[in-house]
1. Name the residues in region 129-170 that are surrounded by fewer than 18 Cβ atoms within 10 Å (Cβ to Cβ) and of a type in the set (Lys, Arg), would you?
2. Would you say ASP294 is charged (D, E, K, R), more than 26 Å from ASP209 (Cβ to Cβ) and part of a loop (DSSP other than H, G, I, E, B)?
3. For region 382-394, give me each residue that is surrounded by 12 or more Cβ atoms within 10 Å (Cβ to Cβ) and either farther than 13 Å from LEU360 by Cβ or touching a residue at least 40 places away in the same chain (Cβ under 8 Å) (or both).
4. Can you work out which of the residues in region 297-318 that are of a type in the set (S, T, N, Q) and outside any loop (DSSP other than H, G, I, E, B) is modelled with the lowest pLDDT?
5. Does region 222-263 hold any residues that are in contact with a Ser or Thr (Cβ under 6 Å, 6 or more places away or on another chain) and either surrounded by 24 or more Cβ atoms within 10 Å (Cβ to Cβ) or part of a helix (DSSP H, G or I) (or both), and which are they?
6. Going by what's in this entry, would ALA372 be described as crowded, with 18+ Cβ neighbours inside 10 Å and modelled with pLDDT of 95 or more?
7. Select, from MET325, MET288, the only residue that is surrounded by fewer than 21 Cβ atoms within 10 Å (Cβ to Cβ), in contact (Cβ under 8 Å) with a residue 24 or more places away in the chain and either under 17 Å from CYS248 (Cα atoms) or over 25 Å from the mean Cα position of the chain (by Cα) (or both).
8. Need pairs with beta-carbon distance below 6 Å; first residue part of a helix (DSSP H, G or I) and within region 156-169, second among the small types (Gly, Ala, Ser); sequence gap 6+ or separate chains.
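The values are calculated or read from the model by the stated rules, or taken from the named source; none is laboratory data. Remember, predicted model here, so these are calculated numbers, not experimental data. Cβ placement follows ideal geometry from the backbone for every residue including glycine, while neighbour counts extend to all protein chains displayed.
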Amino acid sequence: MAVGGGFGERVKVGQYVKWVDSQQFVLARVGAAAIERRTLAIDSATPIMAAVKLTRLVSFLLILLIGVSAIQLAAQPGNTKTENVDFFAYTKGEADKGDVPAQFILGQLYSTGNGVPKDAAEAVKWFRKAAEQGYADSQWSLAVCYYTGTGVPKDSAEALKWLRKAAEQGLGKAQCKLGEAFVRGEIVPKDNVEAVKWFRKAAEQGYADAQRRLGLMYANGNGVSKDSAEAVKWFRKAAEQGDAGSQCRLGFMYAIGDGVPKDSAEGMKWFRKAAEQGDAGAQSSLGMIYATGDGISKDTAEALKWLRKAAEQGDAGSQCHLGFMYATGDGVPKDNAEAVKWFRKAAKQGNDAAQHVLGLMYAEGKGVPKDAIEGLAWINIAAASGVELFVADRDILESRLGTEATLAAQQRSKQILKEIESARPAAAAN
């Protein structure tokens, strides 16, 4: 990327921004995207306006360069935070003069407490100054403050107002977030067509999160006609940028031949890329492929490795399958207590197969002390899914236990469901 189109030699800034980021300083938050937008504005402006915009860009880069100098000085032995304070003083001076990028950076400094005591209300004040002058990054930051209630009372209407302003200026993350809001019906009425519109705007700018979300809209036929080939196109764009969720989805499309010719090797390739980034869905898929030998040689050690990784991240399907591996001794020493541990984790997340097997383990006293009422309670919960096997096992166990025990089990089922429900907010917070 370059700066200053039409005004002589263009200045390359990609490496510069990357280097700033490596310093772990707040300036990295400004990012290449802000410079990119300024470059596009210069390139598309009339000569007079372009000259004005170029002057503002030079001011913007100067503030960043002073910040980098402060980083270098602060890194020298014996130095304290004085240089950060000096940078703050310079930025504050420029912001007071009305320099918009300086106002945004000052807001970031107050927001993060770099070189100045953290002050969310003061951050909002400076974000607002820049936002009101049309600075998209500040509009985004102000929207986040209103949405989260940081430095201002929480206000969904104000959050939407500033989010939309940033999105309409072409800020990719704002466009993507606005699309998410339309999908969820959050701060705006639910509207999948409108969501697709905003995802597409961000996706066409190369914003990976929006590319993945647009792919999902095409894959599921939400807001657009279902089109697997178009879904693959957008998943691939995001996957090639390293987006783990898109890599997983692309792996799935290749694994089942949806939108592309079926290709197990290509599916494995993308699953592995995502799994190595920690994507639980990809780890689970990779583990199941190794466990079943679908298109490759069966490898229980690899299956166990990937299923455990996914299970430890809370993937219920992997937890259930890991329980089966321990219950049957498949690739691991048989261990009913360990099996119960994983079945319980999956059961509490609503996995009906795990609920069913956990009930059987209690009923038979495998890995836990025998408790037929507890067993029937879990099988009751599983049977609510309507699966014939679960319903049949419930009926058999009820006939064995009699009316009194059956009623006790039904009460215990209600208690278990309440315990699961009450644990969900705490789990989400963690």
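1. LYS154, LYS161
2. On the way: charged (D, E, K, R): yes; more than 26 Å from ASP209 (Cβ to Cβ): yes; part of a loop (DSSP other than H, G, I, E, B): yes.
When the stated conditions are applied, ASP294 passes them.
3. Within region 382-394, ALA384, SER385, VAL387, VAL391 meet the criteria.
4. Going through region 297-318, the residues of a type in the set (S, T, N, Q) turn out to be 297, 300, 313, 318.
Cutting the leftovers down to outside any loop (DSSP other than H, G, I, E, B) gives us 300, 318.
Numbers: THR300: 93, SER318: 97.
So the residue we want is THR300.
5. So in region 222-263, the residues in contact with a Ser or Thr (Cβ under 6 Å, 6 or more places away or on another chain) come out as 235, 238-239, 258-259.
Residues satisfying the conditions are PHE235, ALA238, ALA239.
6. Values: crowded, with 18+ Cβ neighbours inside 10 Å: yes; modelled with pLDDT of 95 or more: yes.
In short, yes.
7. Values: MET325 fails: surrounded by fewer than 21 Cβ atoms within 10 Å (Cβ to Cβ).
None of the others qualify; the one that does is MET288.
8. ALA159/ALA143; TRP162/ALA143; LEU163/ALA143; LEU163/ALA174; ALA166/ALA136; ALA166/ALA174; ALA167/ALA174
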